[in-house]
Amino acid sequence: MATPSSRHRPAVRVAVGAAVGFAVPTLAFYVLRWSGVGVYPALVASALVSALPALVSLVRDRRVDGFSAYVTAMTLGALVVSLLPGDTRFLLAREAVLTGVTGVWFLAGVRTRRPLVYLLSRPLLEGRLHWPADWERLWAASPRFRRMWRTAGVLWGIGLLADAAVRVLLAYTVPPDRVPVLGTALYAVTLVVLNAVTHAYYAVCGVHDPRSPLRRAEDDAVHPLPR
């Protein structure tokens, strides 16, 4: 039987890989620029570098979960957008397209069977850090739990659309050589802010408190009262 740590290890590995995937292409861009390569070819090359780990993982594993599928799709999407014809400014704004699409995806997923934010968070948090151990049982038993995730999906969608707008502004107003590092920093800021806001919201909802109405629904589902 898989232990909780072994179940979460693949998601943690993907999360670390995603973080490295943001930093390495940025570093590759500046190494190429310092070597005399033009902005446009350096951007295309950095996109190829960012897509390589996702391609290798896809070929090696031949099977991905929801979280790794999302990261892979976004990485390969960045590569496809980078290969579209356009000027340097358009290429600098490519990540805004993907971030915006992701924001719309989060918002559209609010009314689906399981919101995207729920699917991405579950492999990382279920049964850890004082989170409930059986999210599916709690989802079925608690309208509060379902509402919490749908609200979180709206927060992430709005935050990512705002991130996309800032990226477009950077791409068309900032000197090209500064955009990649600012874009990478913006990823960090956006993720930190959105995680802080949503985790504060989760705490207010009572997801970490076994005595809260939200968590009591889980106990009622596991130990229903006799009729």
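In terms of the ratio Rg/(2.2 N^0.38 Å) built on C-alpha atoms, what value belongs to region 105-227?
Numbers: Rg = 18.0 Å, N = 123, 2.2 N^0.38 = 13.7 Å.
Dividing the Cα Rg of region 105-227 by 2.2 N^0.38 Å gives 1.31.
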Area accessible to solvent at THR112, 1.4 Å probe radius, in Å²: 60 Å²
Heavy-atom accessible area ranking, 1.4 Å probe, most first, across GLU95, GLU126: GLU95, GLU126
In order through region 200-214: 3J(HN,Hα) via Karplus (6.51 cos²θ - 1.76 cosθ + 1.60), integer Hz, x for Gly, Pro: 5, 5, 4, 5, 4, 5, x, 5, 8, 9, x, 8, 6, x, 5
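The values are calculated or read from the model by the stated rules, or taken from the named source; none is laboratory data. Since the structure is predicted, the reported quantities are computational estimates derived from the model, not experimental observations. Surface areas here come from the heavy atoms of the whole protein model, side chains and all, with no ligands, DNA or RNA. Shrake-Rupley method; radii C 1.70, N 1.55, O 1.52, S 1.80 Å.
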